[in-house]
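Asks: The structure follows.
What follows is calculated from the coordinates using simple rules that are stated; it is not laboratory data. Note that the coordinates shown come from a computational prediction; the quantities given were computed from them, not determined experimentally. Neighbour counts are summed over all protein chains in view; Cβ atoms, including those assigned to glycine, are modelled from backbone coordinates with ideal geometry.
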Amino acid sequence: MLGSPGKQDYIKSLSTLETGDLTLITDSIIAGSIAFLDENSSQIKLFAVGQPPLRSISEPSSESIIAGAHDGFVESLDTNIYLLRSHLNDRKLAIQYHKVGTKSETKLATVYISDIANQEKVEEVNRRISSIKVDTLISPGSIVEAIEDDSFSIFPQLIDTERPDKVRSAILEGRIVVLMDGSPMAIILPITFFSFFQSPDDYNSRWIPATFIRILRYLACIIAVILPSFYIAVIAFHYEVVPR
């Protein structure tokens with residue numbers, strides 16, 4: 001069958017791979033590929049014909065913005081990589097793949113710009129991902145617990161987002177992003193306290209109004225933290241200063 005010229009011409013038009021690795025063959029069949037055995041060869045030919053159902057690209061409902069791009073990550077890692085490359089077509093954009101989970105073998109991707117990101121931090125993130133020892137990786141929460149500095153801290157140490165433009169801005173600032181196959185959430189690290197006050201709309205506005213709005217967020221946070229305690233202190237201990 002494979003030896004006839006017509007069959008070979010037709011098969012060459014598909015995405016093919018010839019290998020003898022039994023693990024790779026098994027993984028490819030599970031992913032939807034077809035394996036052909038040729039009696040004249042010790043290698044097995046794999047043909048990628050699988051097309052799993054994918055959710056259409058849409059704007060994340062939890063991170064909607066007024067101006068800017070209105071697309072969001074989906075559950076496919078390959079689609080998310082494509083989306084990110086469409087937003088950031090940089091030759092220095094580096095992508096390192098990992099497999100986590102002895103049973104699930106979930107694919108992860110570490111994304112950064114090689115000439116901007118701190119290589120020591122990149123190596124540390126990759127080391128922590130490689131140290132994850134679980135049977136099945138269900139959600140990005142397991143990744144967060146493994147790569148954050150203090151898993152017992154009540155304060156968030158990473159940021160997750162479904163927006164490719166927010167990920168692009170973080171990568172351009174030298175941060176590292178972790179993507180997981182099967183989840184639309186992207187994990188951004190390292191972060192600071194002020195990272196939580198940034199919005200994708202800030203990057204779609206002129207720097208003067210964007211800076212002003214960001215300062216207003218800082219002031220609103222300070223007022224929300226200090227004013228209630230100040231009011232309680234006045235009412236409880238210095239109620240005479242309150243006009244009647």
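Asks: Could you please state, rounded to a whole Å, how far the C-alpha centre of segment 74-93 is from the C-alpha centre of segment 155-193?
Replies: Answer, in whole Å: 13.
Asks: How would you classify the chain from its alpha-carbon gyration tensor, with a ≥ b ≥ c the square roots of the eigenvalues: rounded for a/c under 1.5, else prolate if a/b is greater than b/c, otherwise oblate? Intermediate results must be reported in sequence, preceding the final value.
Replies: Values: a/c = 3.07, a/b = 2.39, b/c = 1.29.
Prolate is the answer for the chain, as a/c is 1.5 or above and a/b outweighs b/c.
Asks: Another one. Using a simple spin-label model with points 7 Å from Cα along the Cα→Cβ vector, what separation in nm is obtained for R127 and R214?
Replies: My value for the distance between the label points is 3.2 nm.
Asks: Also, quick follow-up: Quick one: how many lysine pairs in segment 13-144 have C-alpha atoms under 20 angstrom apart, if they're 8 or more apart or on different chains?
Replies: Value for segment 13-144: 6.
Asks: Nearest 500 deg cm²/dmol is fine: what mean residue ellipticity at 222 nm does the chain get from its DSSP H runs of n ≥ 4 alone, each adding -39,500 (n - 2.57), divided by its residue count?
Replies: Working: 7 runs with 87 residues, N = 244.
So the calculated ellipticity at 222 nm is -11000 deg cm²/dmol.
Asks: Ok, one more. Loop-only check: which trypsin sites (Lys or Arg not before Pro) in segment 87-166 are DSSP coil with at most 13 other Cβ within 10 angstrom? List each step's numbers first, then the result.
Replies: Values: sites: R91, K92, K99, K103, K107, K121, R127, R128, K133, K166; in loops: R91, K92, K103, K133.
Filter output for segment 87-166: R91, K92, K103, K133.
Asks: Helix hunt in the chain: which complete DSSP H runs extend at least 20 Å axially by C-alpha with mean Kyte-Doolittle at least 0.5?
Replies: 207-237
Asks: Using the Karplus equation 6.51 cos²θ - 1.76 cosθ + 1.60 (θ = phi - 60°), what ³J(HN,Hα) coupling, rounded to whole Hz, does each residue of segment 153-161 give in order, writing x for Gly and Pro?
Replies: Coupling constants for segment 153-161: 6, 7, 9, x, 10, 9, 10, 10, 8 Hz.
Asks: Under unit Cβ charges (Lys, Arg +1; Asp, Glu -1), what dipole magnitude, rounded to 20 debye, does the chain have relative to its Cα centre?
Replies: 440
Asks: If you don't mind, there's one more thing I want to ask. Projected onto the charge dipole of the chain (+1 at Lys/Arg Cβ, -1 at Asp/Glu Cβ, origin at the Cα centre), which of Y218, L46, S28 gives the Cα projection farthest towards the positive end?
Replies: Looking along the dipole axis, the top candidate is Y218.
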